[in-house]
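Trainee: Please read through the structure below; I'll follow up with questions.
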Amino acid sequence: MSMNSFGHLFRVTTWGESHGPALGATVDGCPPNVPLDAGMLQHWLDMRKPGQNKYTTQRQEADEVEILSGVFEGKTTGTPIQLMIRNTDQRSKDYSDIMEKFRPGHADITYWQKYGIRDYRGGGRSSARETAARVAAGGVAREAIKALVPNLQITGCMVQMGPHKVNRDNWDWEQIARNPFWTPDAQAASDWADYLDSLRKSGNSVGAVVEVVARNAPAGLGAPVYGKIDTDIAAAMMSINAVKGVEIGAGFGAAELTGEDNADEIYMGNNGPTFSSNHAGGILGGISTGQDIVCRFAVKPTSSILKTRKTITKSGEQAEIITKGRHDPCVGIRAVPVGEAMMACVILDHLLLHRGLIGENQGAIG
């Protein structure tokens, strides 16, 4: 199985399985002399780890990250950084009943069709557990970004659960860390609690939409045609397990707008260009404008549910399946820090590409 790496200059390779002894990431291309220790990465992993409340899987993992290489005396050396997270609460027996069956909506069947072998214990590489390695790598990217662009902030949140959307009039960045759904709308958090509790008790699951915003990103990141920063952001988000759609800025909503409405009018401010709106999501022609970079992605419902579904076996026989074990009723909740991590990796990668190719922005305005 190839294709386990992403990035250009800042390159991440993840490894490991849901029910193996450990998983992790090899991070290559991080600049030297960036302050880094395991505690800096642990903060982000603690946001993603399972078992924190009744709305996520009850698998209990500390998700403690170990830095095995690439750091000396508290700073990166510029050599590959090896990160490892040990699995400590596997219950592989929970999956013995589905050894011969394919879960509908799951990668079980396609992994088998392609490779002729699959790790049925939690899904192996197709498990959401794989994303812990991405969050660790994203933590490295955040520290490097902090050294290069100190004011840049990357924040993710849930803006929709099932059919229920946030009220953007209630948007409060401070609310995101105050509720189990990472949502900026306190009223939505209250409503979603009852809604998800009912689904969870019935053994069902539901999808979600996550929004990730990079504030104070500089203008000039990305390149035309094949090096667009929105291309890389979309690919990064789409690579997250269970993601089925990605949009930048107004996204699919732009199809409902006229050219007059969609155009973000430009004015000259005291510190450079300003815009009347941000339908573009901070990116024009694949290059960042200096506005907030805004991305949203849709996460499908968890495929492993306590509902009987029709399926087939590896031998082609018709069967029924019900998935036991511990699963997220809405995996979109824990996708928020994963989306942040992927945004951080892409932005750092483009910061390094920009620095290597251009140095400072060439086109002065005013």
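Trainee: Sum -39500 (n - 2.57) across every DSSP H segment of at least 4 residues in the chain, then divide by the residue count to get the 222 nm mean residue ellipticity, nearest 500. Intermediate values should be presented prior to the final figure.
Mentor: Numbers: 7 runs with 93 residues, N = 366.
The helix-only estimate for the chain comes to -8000 deg cm²/dmol at 222 nm.
Trainee: Follow-up question, since we're still on this one. Positive end of the dipole of the chain, charges at C-beta (+1 Lys, Arg; -1 Asp, Glu), about the Cα centre: which of 306, 250, 26 has its Cα farthest in that direction?
Mentor: Going by the Cα projections, it comes out as 306.
Trainee: Right, next: Test of understanding: in a Gaussian network model of the chain with alpha carbons linked when under 10 Å, which of 195, 120, 226 would top the mean-square fluctuation ranking?
Mentor: Of the options given, 226 has the highest mean-square fluctuation.
Trainee: With a/c under 1.5 counting as rounded, go ahead and sort the range 108-183 into rounded, prolate or oblate using the C-alpha gyration tensor (a ≥ b ≥ c being the square roots of the eigenvalues; past the cut-off, prolate if a/b is larger than b/c, else oblate). Each step should come with its number before you reach the end.
Mentor: Details: a/c = 3.38, a/b = 1.48, b/c = 2.28.
Oblate, because a/c is 1.5 or more while a/b does not exceed b/c.
Trainee: Please list, or write none, the aspartates and glutamates whose alpha carbon is within less than 12 Å of the alpha carbon of residue 244, excluding same-chain residues fewer than 8 places away.
Mentor: none
Trainee: Report in % the part of the accessible area of the range 153-268 that belongs to carbon and sulfur, leaving out ligands and nucleic acids; probe 1.4 Å. Could you put the intermediate results ahead of the total?
Mentor: On the way: 2920 of 5860 Å².
C and S fraction of accessible area: 50 percent.
Trainee: State which stretch of the chain is the longest one without any exposed GluC sites (Glu not before Pro), exposure meaning a DSSP loop state and at most 15 other Cβ atoms within 10 Å.
Mentor: Numbers: sites that count: 64, 73, 100, 265, 317, 360.
That would be 101-264.
Trainee: Here is a further query. In debye, nearest 20: dipole of the chain around its Cα centre with unit charges on the Cβ of K, R (+) and D, E (-)? Numbers along the way, then the final one.
Mentor: Working: 37 positive and 40 negative charges, 289 e Å.
Rounded to the nearest 20 debye, it is 1380 debye.
Trainee: A further question follows. Highest GNM mean-square fluctuation, the chain, Cα pairs closer than 10 Å: which of 208, 137, 147?
Mentor: Maximum fluctuation in the GNM of the chain, among the listed residues, is at 147.
Trainee: Could you name the lysines in cross-link range of residue 75, using Cα to Cα under 28 Å and dropping any fewer than eight places away on the same chain?
Mentor: 49, 146
Trainee: Would you be so kind as to identify which of 159, 127, 115 lies farthest towards the positive end of the dipole of the range 112-222, taking Lys and Arg as +1 and Asp and Glu as -1 on Cβ and the Cα centre as origin?
Mentor: 115
Trainee: So, one more: Taking only Cα atoms and a 10 Å spring cutoff, compute GNM fluctuations for the chain and point out the largest among 209, 149, 346.
Mentor: 149
Trainee: Treating the beta-carbon of each Lys and Arg as +1 and of each Asp and Glu as -1, no other charges, what is the dipole magnitude of the range 164-301 about its Cα centre, to the nearest 20 debye?
Mentor: 600
Trainee: Can you give me the Cα centroid spacing of the range 208-256 and the range 137-167 in angstrom?
Mentor: 13
Trainee: Another question, then. By a straight-distance test (C-alpha under 17 Å), which aspartates and glutamates pair with residue 201 as possible cross-link partners, with residues fewer than eight away in the same chain excluded?
Mentor: 191, 328
Trainee: First measure r as the distance between the Cβ atoms of residue 201 and residue 117, then evaluate 1/(1 + (r/R0)^6) with R0 = 30 Å and state the FRET efficiency to the nearest 0.05. Don't skip to the end; give the middle numbers.
Mentor: Working: r = 36 Å, r/R0 = 1.19.
Calculated transfer efficiency: 0.25.
Trainee: Round to the nearest 10 and give me the degree value, 0 to 90, for the angle of helix 332-357's Cα axis relative to the longest principal axis of the chain.
Mentor: Helix 332-357 and the main axis of the chain meet at about 40 degrees.
Trainee: With a probe of 1.4 Å, find how much accessible area the range 277-356 has per residue, and write the answer as a whole number in Å². Please list the in-between numbers first.
Mentor: Details: 2860 Å² over 80 residues.
Solvent-accessible surface per residue comes out at 36 Å².
Trainee: Lys/Arg Cβ at +1, Asp/Glu Cβ at -1, dipole of the range 71-197 taken about the Cα centre: which of 138, 78, 88 is farthest positive-ward?
Mentor: In the range 71-197, that residue is 78.
Trainee: Place a +1 charge on the Cβ of each Lys and Arg in the range 195-240 and a -1 charge on the Cβ of each Asp and Glu, then give the dipole magnitude about the Cα centre in debye, rounded to the nearest 20.
Mentor: Details: 4 positive and 4 negative charges, 27 e Å.
Here the size comes out at about 120 debye.
Trainee: So between residue 165 and residue 215, what do we pick up on full extension, going 0.36 nm a residue minus the alpha carbon distance? All intermediate terms of the calculation are to be shown ahead of the outcome.
Mentor: Details: separation 50, 0.36 × 50 = 18.00 nm, distance 2.24 nm.
Length difference between fully extended and current span is 15.8 nm.
Trainee: Could I ask something else about it? Give, as a single signed number, the net charge of other residues whose beta carbon lies under 9 Å from the beta carbon of residue 11, with Lys and Arg counted +1 and Asp and Glu -1.
Mentor: Working: positive: none; negative: 28, 349.
Result for the local shell: -2.
Trainee: Relative to the longest principal Cα axis of the chain, at what angle does helix 131-148 sit, 0 to 90 degrees, rounded to 10?
Mentor: Compared with the principal axis, the helix lies near 10 degrees.
The values are calculated or read from the model by the stated rules, or taken from the named source; none is laboratory data. These numbers come from a predicted model, not from an experiment. So basically every Cβ, Gly included, is an ideal-geometry build from the backbone, and we count neighbours across all protein chains shown. Surface areas here come from the heavy atoms of the whole protein model, side chains and all, with no ligands, DNA or RNA. Shrake-Rupley method; radii C 1.70, N 1.55, O 1.52, S 1.80 Å.
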